[in-house]
């Protein structure tokens, strides 16, 4: 696929690894296939695309690999076990690629909190859980786009991870915000 894109559009200067699998499971009750799927989508694919970006002929002045992480990597809780492992591994891979590639391409990440309704989540639960942060406001897709544009335009950024969560990761929550909202925590 990468070669087809290059043949059609030329060199790839920006690769945003935004694909993600997000299924709830537990350390004591997860399926191997689901674990493998989380690793495949959330870790292996971005690493493979990163290697392909690096192997392109150096015909561009600048290139950027941007990995979409999750603010949860900075405030671990036990929910969504294999998802969390895969995103935490992607954080490590992001840093390792940034070091190995030495700036060509640059490698950065964005770690947002809940941004869109997930799975079977109700609109009411989303509204509550998206505001569980120090600012009391939700994260919008446009916030993530602004951060991506900043990282693209700021050529001196490499190995930078921008957390967009209203300070939620500093709260060190014991559960995922959707469960906390469902359980009535943080109700006014």
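Nothing in this text is a laboratory measurement; each read-out follows from the coordinates by a stated rule. Everything quoted here is computed from the prediction, not taken from an experiment.
For helix 45-55, report the angle its Cα long axis makes with the longest principal axis of the Cα atoms of the chain; keep it between 0 and 90° and round to the nearest 10°.
The angle comes out near 20 degrees.
Please give the calculated 222 nm ellipticity per residue for the chain, where each DSSP H segment of at least 4 residues contributes -39500 (n - 2.57) and the sum is spread over every residue; nearest 500 deg cm²/dmol?
-12000 deg cm²/dmol
Starting from the Kirkwood radius over alpha-carbon pairs of the stretch 1-112, derive D by Stokes-Einstein at 20 °C in a medium of 1.002 mPa s and give it in µm² s⁻¹.
Rounded, D is 145 µm²/s.
P(r) of the stretch 53-188 in 10 Å steps, Cα pairs, percent per bin?
12, 38, 30, 14, 5, 0
Relative to the longest principal axis of the chain, what angle (0 to 90°, nearest 10) does the C-alpha long axis of helix 81-101 take?
The two axes meet at around 30 degrees.
Have a look at the DSSP beta bridges in the chain and tell me what percent are antiparallel, nearest 5.
Taking every DSSP beta bridge with both residues in the chain, the antiparallel ones total about 5 percent.
Could you check which residue among 163, 84, 154 shows the biggest mean-square fluctuation in a GNM of the chain with a 10 Å Cα cutoff?
Highest fluctuation among the options: 154.
Which of 119, 109, 40 moves most in a GNM of the chain, Cα contacts under 10 Å?
Fluctuation is largest for 119.
For the chain, set up a Gaussian network in which alpha carbons nearer than 10 Å are linked by springs, and say which option among 146, 176, 13 fluctuates the most.
146
What percent of all Cα-Cα pairs in the stretch 15-70 falls in each 10 Å bin, counting up from 0?
21, 41, 24, 10, 4
Output needed: percent of Cα pairs per 5 Å distance bin for the stretch 146-188, bins running from 0 to the one holding the longest distance.
5, 17, 19, 16, 11, 11, 11, 8, 3
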